[in-house]
Amino acid sequence: MSDRKYTVETVGDDIADFLDAVLDAADFDVEYEILDGEEAGNYFETPSVVVKFAGPDLEYLMNNKGEALLALEQLTQEVLDMAPDEHALMCFDANDYRLLRQEELRLSAITVAEKVRESNVPYRFSPMSSRERRLIHLAMRDQTDLRSESAGVGPHRHVVIYPAGMASLPDPPVPAGPPMRRSGGD
């Protein structure tokens, strides 16, 4: 038995019971596979459990940047009574959308790091979810000459990359108009 709290063996049946009920109620024609993280692929966050979805109705889970997929993941985390700091231990994915997004964010952080290093000018990412901001911070953790910081409030929260010794800049003014939609996550 693994000493990890979340594995297919420890939570797989609970995940399956919940997903079966929700997917049947929604009448979605999708299948899923529950995998231990190391079997699922090279996810940057290294989740303990990955649930991969496939099937003809997958588009309903993937519309609007996977919003329904992320909501299903969050509801499953609630069913399992996962603490907020444990949410990264579970990942729901379809067509490797999340796997590719994690890699995209990691590569963006590396590219921005070089730009900030060369220009000595801070860089503000666009607003993103807390989970995506966390990925940027993780990608930057070994960059001793730079630092990352979350800034802004609510749906305008974003990451800023600074040279290590530079003071934080004030937040930009909040844009007028309807609130911005955030892409997936917590």
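Observations on the structure shown:
- Compared with the dominant principal axis of the Cα atoms in the chain, helix 130-140 is inclined by about 60°.
- Rg ratio (alpha-carbon, reference 2.2 N^0.38 Å) - the stretch 52-159: 1.21
- Structure remark: mean-square fluctuation, Gaussian network model of the chain, C-alpha springs under 10 Å; the largest value among 56, 47, 122 belongs to 56.
- Between residue 10 and residue 167, the modelled label-to-label distance comes to 4.6 nm, taking each label 7 Å out from Cα in the direction of the beta carbon.
- Fully extending the segment from residue 100 to residue 142 would add 13.0 nm, taking 0.36 nm per residue of separation and subtracting the current Cα-Cα distance.
- Karplus (6.51, -1.76, 1.60) ³J(HN,Hα), θ = phi - 60°, over the stretch 25-33, in Hz, Gly and Pro reported as x: 4, 7, 6, 8, 8, 9, 10, 9, 10
- Cα pair distances exceeding 28 angstrom across the chain, given as percent: 33
Read-outs: derived from the displayed coordinates by stated rules, not from any lab. The shown structure was predicted, so the numbers you read here are calculated from the model rather than taken from an experiment. Heads up, the Cβs are rebuilt from the backbone with ideal geometry, glycines too, and the neighbour counts pull from every protein chain shown.
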